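Below: the structure, in structure tokens.
The values are calculated or read from the model by the stated rules, or taken from the named source; none is laboratory data. The shown structure was predicted, so the numbers you read here are calculated from the model rather than taken from an experiment. Virtual Cβ from ideal backbone geometry, glycine too; neighbours counted across all protein chains shown.
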Amino acid sequence: MVLLAGSWTFTDRGKSWAAEGIQLETVVSGLEDPLYLTAPASDPRLFIVEQPGRIRIVQDGQLLPTPFLDIVRQVRSGGERGLLSVAFHPNYASNGFFYVNYTDQRGDTRIERFSVSSDPNVADPSSGKLLLKIEQPYANHNGGLNLFGPDGMLYIGMGDGGSGGDPHGHGQNRGALLGALLRIDVDGGDPYAIPPDNPFVGQPGMRGEIWAWGLRNPWRFAFDRETNLLYIADVGQNKWEEIDVAPAKEAGLNYGWNLMEGAHCFRSSNCSPKGLVLPVLEYGHAEGCSVTGGFVYRGKTIPFLVGHYFYADYCDGWIRSFKYTDGKVSEQRTWDMGPIGKVLSFGEDAAGELYVLSDNGRVYRIVNRS
């Protein structure tokens, strides 16, 4: 069912340009707080994460009644807690491994590996193996995305631990696994290995798992397979939401929190941005309150979208996109999609098509209107 239609316009040097339209097609409804959607490589199924602790499968357009994984009893859900993401191993077709990020009953983050059972639509719930546990001082800013990078490493986005204003200073503390983007090798050790090219390996007082730091609450991040760029949508504090873009291979970047909020001083009025990665795009809280990051479109069905990075605002409900080329943001677009609820997350299937997940329990596919 096609539910909503939209078109866009943008202004360039005083001229208004019209363009093609897209619409949102309902894939499935009746879900409970769908927070993420993904698929193993070359797999036509859709795997949808529900916050209370289930992973559901859509196969041949139908929501299967039996969850792929159900760990509700292990998950503390509500607010920013819950089962927050799943990442399938690049060799999932042969090893059956996938990795979940969830909040346990104590309120801490757990990264666990599970295996599929003999039934390809059902995981083995007893196969859980803990890779990493990270204590959370507060209930918010869990980050929560597991994502394999183009290098085969597992990246984990971690918020600063919560509360407000980063009271423990985790954003600038390379000795803590909070406020950072982590990078681990799930194949090189038991339960994991730290890649030797991580930037802080062997440095006293620093955690070798850290790839980048200075993040407040990355919701979410993505790799563009064509340009090898890393996009991070980092939720702001009081005034600014930001999107950062950097080469995926560049290690040890500091994205500025809690010295800066977006491109603006946070702790003092005379901070220095020297040595920090500033956002390529930001917007103030007159336009929204909490950025939801998506993906760069690399699908086949909507040619005019290729290269556009999609993002949304949780509070104001709009969906926008832009292109990032030669170090510059261009073709900024706001898509008129009508009322779709609060955008909880975006998703990408194995073919590179994009999806929008809403708090109304629906998953939508972005499709060409023409």
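Scanning segment 142-160 turns up at least one residue that is buried (at least 16 other Cβ atoms within 10 Å of the Cβ) and over 27 Å from residue 114 (Cβ atoms).
Out of everything in segment 83-97 that is within 21 Å of residue 35 (Cα to Cα) and of a type outside the set (S, T, N, Q), what residue ends up being surrounded by the most Cβ atoms within 10 Å (Cβ to Cβ)? Among those that are within 21 Å of residue 35 (Cα to Cα) and of a type outside the set (S, T, N, Q), it is 83.
Residues that are surrounded by fewer than 19 Cβ atoms within 10 Å (Cβ to Cβ) and charged (D, E, K, R) were ranked within segment 241-297; the one that is nearest to residue 341 (Cα to Cα) is 287.
What about residue 282, is it acidic (Asp, Glu), outside any strand (DSSP E or B) and within 23 Å of residue 214 (Cβ to Cβ)? Spelling it out, it is not the case that residue 282 is acidic (Asp, Glu), outside any strand (DSSP E or B) and within 23 Å of residue 214 (Cβ to Cβ). From the list 219, 211, the one residue that fits, being under 22 Å from the mean Cα position of the chain (by Cα), closer than 19 Å to residue 259 by Cα and either in a loop (DSSP other than H, G, I, E, B) or modelled with pLDDT of 95 or more (or both), is 211.
Residues that are under 19 Å from residue 155 (Cα atoms) and of a type in the set (A, V, I, L, M) within segment 111-132 comprise 111, 130, 131, 132, listed in sequence order.
Okay, residues lined up against (1) in contact with a Pro (Cβ under 8 Å, 6 or more places away or on another chain); (2) assigned to a strand (DSSP E or B); (3) not aliphatic (A, V, I, L, M):
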| site | (1), (2), (3) |
| --- | --- |
| 150 | no, no, yes |
| 156 | no, yes, no |
| 163 | yes, no, yes |
| 166 | no, no, yes |
| 177 | no, no, no |
| 183 | yes, yes, yes |
| 191 | no, no, yes |
| 197 | no, no, yes |
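Per the listing 341, 361, 352, the residue uniquely at pLDDT below 95 and on the phi > 0 side of the Ramachandran plot is 341.
Just one of (1) of a type outside the set (D, E, K, R); (2) over 21 Å from the mean Cα position of the chain (by Cα); (3) surrounded by 18 or more Cβ atoms within 10 Å (Cβ to Cβ) fails for residue 321. It is (2). Of all residues in segment 108-160, those that are touching a His at 6+ places or on another chain (Cβ under 8 Å) and under 15 Å from residue 82 (Cα atoms) total 1. For segment 328-369, a residue qualifies if it is of a type in the set (A, V, I, L, M, F, W, C), in contact with a Leu (Cβ under 7 Å, 6 or more places away or on another chain), under 15 Å from residue 296 (Cα atoms) and surrounded by 21 or more Cβ atoms within 10 Å (Cβ to Cβ), and the qualifying residues are 346, 356, 366. Listed by first and then second residue, the pairs linking a residue in segment 143-155 that is touching a residue at least 60 places away in the same chain (Cβ under 8 Å) and closer than 16 Å to residue 132 by Cα to a residue that is assigned to a loop (DSSP other than H, G, I, E, B) and hydroxyl-bearing (Ser, Thr, Tyr), with Cβ atoms under 8 Å apart and 6 or more places separating them unless they lie on different chains, are 154/192. Reported count of residues in segment 24-72, each being in a strand (DSSP E or B) and hydrophobic (A, V, I, L, M, F, W, C), is 14. Hey, any hits in segment 338-359 for a residue that's free of Cβ contacts under 8 Å to residues at least 60 places away in the same chain, β-branched (Val, Ile, Thr), under 21 Å from residue 31 (Cα atoms) and in a strand (DSSP E or B)? Yes: segment 338-359 contains one or more residues that are free of Cβ contacts under 8 Å to residues at least 60 places away in the same chain, β-branched (Val, Ile, Thr), under 21 Å from residue 31 (Cα atoms) and in a strand (DSSP E or B). Summed over segment 89-125, the residues that are aromatic (Phe, Trp, Tyr), part of a strand (DSSP E or B) and without any contact (Cβ under 8 Å) to a residue 60 or more places away in the chain give a count of 3.
Residues in segment 285-298 that are outside any strand (DSSP E or B) and among the hydrophobic types (A, V, I, L, M, F, W, C) were compared, and the one that is farthest from the chain's Cα centre (by Cα) is 286.
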